[in-house]
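S.K.: Quick one: the structure is below, questions incoming.
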Amino acid sequence: MSRNIGPRDDRWYLNLMAPNTKGPKFAWLDPTSIYINGEAFHDLMDDLVADLRGTVIDVVGGLDAMGFVLGSALATRLGVGFLPVRKAGKLCVETDKVSFSNYSGRTQDMEMRKPAFAPGTKVLLADQWVETGGTMDGAIRLVDRQGGKVVALAAVAIEENDVTNAYREKYNCVSGVVRGSRWQQECNAQSLSSFKTYAPEHAFPKIR
């Protein structure tokens, strides 16, 4: 697929996202095909970085596991460090730990190295998708415990509900899906019109 820079409510790379084909225990779609396609991934990064302009960020925290992809890419673009926020039991150093409920309603534990930064450090938290906000809430609490200041949240999409609306009021929330666009409406309904024409080969990397 060729690069197509259109209006802000028509970000072409969102068409590449795949519908869930494995049943209700999985998320309703898979954005990883955006990462596979070089033009799509870089256009997504361009949009997120542009929307973060003016926000002072000292470090990017990425949520385990797919938030590592967006988080590390954003940290590189922004010229700052990357902090992995891990599922429990993965880190071999002292950690803080919190429990949270994920999008499927399951309770999980999340950890962050201790200490990770000095008090007052400005943190951007990145995850692939923010649906119910439970996972993001766990990461925010971990940053708060160490005296950090969450200044922004980033994702491919942030669905609209009471929790995420509260995030938008408190933080600079940026996503590939622009609030108020048809993409936002379709994400809220958890059904994209692009699913009708989805084909995996549309996202294949170019062969050189």
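Values quoted throughout were computed directly from the atomic coordinates according to the rules given, and no laboratory measurement underlies them. On a predicted model such as this, the values are computed, not experimentally measured, just so you know. Virtual Cβ from ideal backbone geometry, glycine too; neighbours counted across all protein chains shown.
S.K.: Given the criterion closer than 26 Å to F26 by Cβ, surrounded by 18 or more Cβ atoms within 10 Å (Cβ to Cβ) and polar (S, T, N, Q), identify the matching residue among T197, T164.
M.R.: Exactly one of T197, T164 is closer than 26 Å to F26 by Cβ, surrounded by 18 or more Cβ atoms within 10 Å (Cβ to Cβ) and polar (S, T, N, Q), namely T164.
S.K.: Please specify each residue of segment 198-208 satisfying the condition of being touching a residue at least 60 places away in the same chain (Cβ under 8 Å) and of a type outside the set (K, R).
M.R.: Once the filter is applied, which keeps residues that are touching a residue at least 60 places away in the same chain (Cβ under 8 Å) and of a type outside the set (K, R), segment 198-208 yields Y198, P200, H202, A203, F204, P205.
S.K.: Exactly one condition in (1) closer than 21 Å to L91 by Cα; (2) touching a residue at least 12 places away in the same chain (Cβ under 8 Å) is false for V174; which is it?
M.R.: For V174, the failing item is (1).
S.K.: Sticking with this one: Return the pair list, or none, for Cβ contacts closer than 9 Å from residues in segment 177-191 that are more than 13 Å from N161 (Cβ to Cβ) and in contact (Cβ under 8 Å) with a residue 12 or more places away in the chain to residues that are outside any helix (DSSP H, G or I) and small (G, A, S), at least 6 apart or on different chains.
M.R.: Short answer, once both residue conditions are applied: V177/A155; V177/A157; W183/A157; W183/G176.
S.K.: Among helices (runs of 4 or more DSSP H) lying entirely in segment 1-114, which contain 2 or more residues that are of a type in the set (D, E, K, R), surrounded by 13 or more Cβ atoms within 10 Å (Cβ to Cβ) and out of contact with any helix residue (DSSP H, G or I) (no Cβ under 6 Å at 6 or more places or on another chain)?
M.R.: Those helices (runs of 4 or more DSSP H) span 38-51.
S.K.: Residues G147, G133, G138: which one is in contact with a Phe, Trp or Tyr (Cβ under 9 Å, 6 or more places away or on another chain), without any contact (Cβ under 8 Å) to a residue 40 or more places away in the chain and surrounded by 20 or more Cβ atoms within 10 Å (Cβ to Cβ)?
M.R.: G133
S.K.: Give the number of residues within segment 132-175 that are charged (D, E, K, R) and either in contact with a Lys or Arg (Cβ under 8 Å, 6 or more places away or on another chain) or closer than 20 Å to P84 by Cβ (or both).
M.R.: Total meeting the criteria: 7.
S.K.: Just the residues that are part of a loop (DSSP other than H, G, I, E, B), exposed (fewer than 15 other Cβ atoms within 10 Å of the Cβ) and of a type in the set (S, T, N, Q), please, taken from segment 167-194.
M.R.: Hits for segment 167-194 are Q190, S191.
S.K.: Within segment 37-62, work out how many residues are more than 22 Å from L16 (Cβ to Cβ) and aliphatic (A, V, I, L, M).
M.R.: 5
S.K.: Considering each residue of segment 120-134, count those that are of a type in the set (A, V, I, L, M, F, W, C) and in a loop (DSSP other than H, G, I, E, B), and give that number.
M.R.: 0
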